[in-house]
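The values are calculated or read from the model by the stated rules, or taken from the named source; none is laboratory data. A quick note: this is a predicted structure, and the numbers were derived from the prediction, not measured. Cβ sites come from the backbone with ideal geometry, for glycine too, and all protein chains shown count toward neighbours.
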Amino acid sequence: RPRVLSGIQPTAGSFHLGNYLGAVRQWVALQEAHDAFYCVVDLHAITVEQNPKELRQNTRVSAAQLLALGIDPDRATLFVQSHVPEHAQLGWVMQCMTGFGEASRMTQFKDKSARQEQSVGVGLFTYPILQAADILLYQAHYVPVGEDQRQHLELTRDLATRFNSRYGKTFRLPEAYIVKDTAKIFDLQDPTAKMSKSVPGGVVELLEDPKRSAKKIRSAVTDTGREVLFDVENKPGVSNLLTIYSALTGRTVESLVTDYDGKGYGDLKKDLGEVFTEWVTPVQERVKMYLDDVASLDKILAGGAERAREVASGTLRRTYEKIGFVLPE
Ligand code: TYM
């Protein structure tokens, strides 16, 4: 079965609708026919300062959300990145394979460092290289992510290619698995910007009170005119709402547009608020259920880490051997 790997940061606690529609929804679908590895990337989270208590809680909250959203620990390997030390170890090797200029071209670093109020750490700079190690450790065929990760996937392929040509074939070249329709969910207050917790405003959080989400949806910035049409160029706000509506209900955008013929933006927003509430309410209940039993949750994560290490340690060993390290007995 083809291998899949992806990761999500625990930084924010609650995932937002962009995380779900852009990535996690695909994770759930892919676990059926793929050998899937999904990790909560706590090592990545500390590239910006974290409160220890919050980080620990947010890591569990993230795992609980993945389970509540449909990741099945019997089918997929769900684990916490720091439980598998090979990530940091291969991360170092990959840092030594990366050019300084190459790392400097990563646009996410430029965005993130520009927004950072505290001083910017070196970890934020080398972040995409650790991400490359995450992927290469598992010899993943596909990496389901949103559009914003495309450049990091290119770097991963470049590093794999470089290593393979220098030391002999060691890593599989992974492909980004990006579902076009939901690859970029936009902010509800600024439908030209990606929905992101670091730019608060029109962000729908999965763990906030759904009443609050419905209100955010009702007050989403829409466009001039009044017809509900899918037109990304001229109606980015309405188009974003239609994308979300379609993804949450499984209905096509065309059929929604037909339905709202003669109705206005207000109807669309009110209905989408209800659709979201209905979808998220049972998700929240399941998150609570998982968090009410932390011992069982930690056990699931321990089992996942064990399975992940079996694969990761094999890759790391082969890598060390290729490089010329004396392998410990
Ligand atoms: P992170 O934690 O920022 O986001 C998790 C996933 O959500 C996607 N995403 C979006 N998709 C559509 N619309 C949006 N507005 C939106 N916002 C976020 C992201 O593309 C991502 O797929 N670097 C990664 C974490 C990571 C990783 C990995 C991913 C670490 N190691 C290995 C894949 C493979 C990140 O920060 O994602």
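Points worth noting:
Matching residues to (1) within 18 Å of Gly101 (Cα to Cα); (2) crowded, with 22+ Cβ neighbours inside 10 Å:
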| site | (1), (2) |
| --- | --- |
| Asp134 | no, yes |
| Pro144 | no, yes |
| Arg157 | yes, no |
| Ala193 | no, no |
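- Residue among Ala308, Ala302, Ala295, Ala312 that alone is in contact with a His (Cβ under 9 Å, 6 or more places away or on another chain) and surrounded by fewer than 15 Cβ atoms within 10 Å (Cβ to Cβ): Ala302
- Verdict on Gln57 being under 17 Å from the mean Cα position of the chain (by Cα), farther than 16 Å from Val283 by Cα and more than 14 Å from the ligand (Cβ to nearest atom): no
- Being within 16 Å of the ligand (Cβ to nearest atom) and on the phi > 0 side of the Ramachandran plot holds for only one residue in Gln149, Gln108, Gln139, and it is Gln139.
- Residue in the range 113-125 that is without any contact (Cβ under 8 Å) to a residue 24 or more places away in the chain, part of a helix (DSSP H, G or I) and buried (at least 17 other Cβ atoms within 10 Å of the Cβ) present: yes
- Verdict on Arg150 being modelled with pLDDT of 95 or more, among the basic types (Lys, Arg) and surrounded by fewer than 24 Cβ atoms within 10 Å (Cβ to Cβ): yes
- Exclusive hit being β-branched (Val, Ile, Thr), within 14 Å of the ligand (Cβ to nearest atom) and touching a Cys at 6+ places or on another chain (Cβ under 8 Å), set Val41, Val80, Val24: Val80
- Matching residues, the range 45-104, being in contact (Cβ under 8 Å) with a residue 60 or more places away in the chain and of a type in the set (D, E, K, R): Glu49, Arg60, Glu86
- Just one of the listed residues (Gln131, Gln149) is in contact with a Ser or Thr (Cβ under 8 Å, 6 or more places away or on another chain) and not hydroxyl-bearing (Ser, Thr, Tyr), and it is Gln131.
- Condition check for Lys197: near the ligand (Cβ under 9 Å from one of its atoms), in contact (Cβ under 8 Å) with a residue 40 or more places away in the chain, within 18 Å of Gln26 (Cβ to Cβ) and of a type in the set (D, E, K, R): no
- Selection of helices (runs of 4 or more DSSP H) fully inside the range 199-286 by the criterion of at least 3 residues being in contact with a Ser or Thr (Cβ under 6 Å, 6 or more places away or on another chain) returns 236-249.
- Within the range 111-131, the set of residues being among the aliphatic types (A, V, I, L, M) and more than 13 Å from the ligand (Cβ to nearest atom) comprises Ala114, Val120, Val122.
- In this entry, Thr11 passes the filter for residues that are in contact with a helix residue (DSSP H, G or I) (Cβ under 8 Å, 6 or more places away or on another chain), within 11 Å of the ligand (Cβ to nearest atom) and not in a helix (DSSP H, G or I).
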